[in-house]
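Following: one structure in structure tokens, then a few remarks.
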Amino acid sequence: MARRALTTTAAAFAATAALLLTACGGGGGTSEDIKGAGTGTDSPSASPSSPSSRPDVSLPSDLEVEFDITKPSDARHAAALESAQNYILALDHGITAQDPDDPAYRFYSLGSATKYAKSQIQAWVDDDWTATGSDSYYRGRTDDVGTSKGVLVTMCRDQSKFYGKNVKTKKIRYTKESLNDFQQFRLLMKPPQGSQRVWKVLQIEVQGRVEDCRR
């Protein structure tokens, strides 16, 4: 299903990312169509993130999310990428669970990224839609944000086989592939703080109709 894209440029986003991380004390240094990002307050502090304490991000058998992205050799970048992927899984988990307050996305996000996830899930629930099909992410990269310890995760998305399914009638809304299906995600990752042992998404930008993301 097509999603509304944000209009800020990559350069502007990166600059904002550096300022946000500075304001938030990002570890000793330096900030569509799932719908709309905004500002907000941090979600409650998470408990230490041992595997057993992490939230469920499993999906129904009729929905597959694929990440065709090479794991970075740098441990920090690898951890940031893993949490970015889990945040995306948590979005789909909240949609299929029909729960705008699902704990999974809250565990992996802060501030505007938390508000963004809630608004996306809420929109699907309000319209009586859940998700089915295949959601693909690829051409990922990770970059340090200025002199901070934050990491910017960028990846392409192909949602041409990602469909809406009405929760009442079970009817699937199939769509033909178009440029609208190809997006670029930018996720600003904040390093673990205090007892938190997991990277969290602080800000997200989704740019739509990205020709360079066509496969």
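Since every read-out is calculated from the coordinates, none of them should be taken as a lab result. Everything numeric here is computed off the predicted structure, so don't read it as measured data. When we count neighbours, we look across all protein chains shown, and the Cβ atoms used for this are built from the backbone with ideal geometry, even at glycine.
Some values worked out for this structure:
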read-out	value
Amide H partners (placed H, <5 Å) of Val65, local residues excluded	Asp135
Residues whose placed amide H lies under 5 Å from that of Ser109, excluding near-sequence neighbours	Val201
For segment 194-211, Karplus couplings with θ = phi - 60° (6.51, -1.76, 1.60), whole Hz, Gly/Pro x	x, 6, 6, 10, 10, 5, 10, 7, 9, 8, 9, 10, 10, 9, x, 6, 9, 4
Binned Cα-Cα distance frequencies in segment 149-215 - 10 Å width, integer %	19, 31, 27, 19, 4
Additional length obtainable on full extension of the chain from Lys168 to Arg139, 0.36 nm per residue less Cα span	6.8 nm
Distance between modelled label sites at Asp99 and Leu179, nm, 7 Å Cα→Cβ extension	4.0 nm
Top positive-direction residue, dipole computed over segment 92-141 with Cβ charges, set Phe107, Gln122, Gly94	Phe107
Base-10 log of normalised Debye intensity for segment 49-143 (one unit scatterer per alpha-carbon) at q = 0.17, 0.21, 0.25 Å⁻¹	-0.78, -1.12, -1.36
C-alpha center-to-center spacing [segment 76-149, segment 163-194] in angstrom	10 Å
Length released on extending from Thr147 to Ser61, taking residue separation times 0.36 nm less the Cα-Cα span	26.7 nm
Kirkwood-based shape ratio for segment 94-155, expressed as Rg/Rh from alpha carbons	1.07
Computed E for Ser53/Ala75 - FRET, C-beta separation, R0 25 angstrom, nearest 0.05	0.75
Dipole magnitude of segment 74-215, debye to nearest 20 (Cβ charges: Lys/Arg +1, Asp/Glu -1, about Cα centre)	100 debye
Burial order of peptide ranges 122-128, 200-206 (average beta-carbon count within 10 Å, highest first)	200-206, 122-128
3J(HN,Hα) from dihedral phi, segment 60-74, Karplus parametrisation 6.51/-1.76/1.60, rounded to Hz, x for glycine, proline	x, 5, 8, 10, 10, 10, 10, 10, 9, 9, 6, 5, x, 6, 6
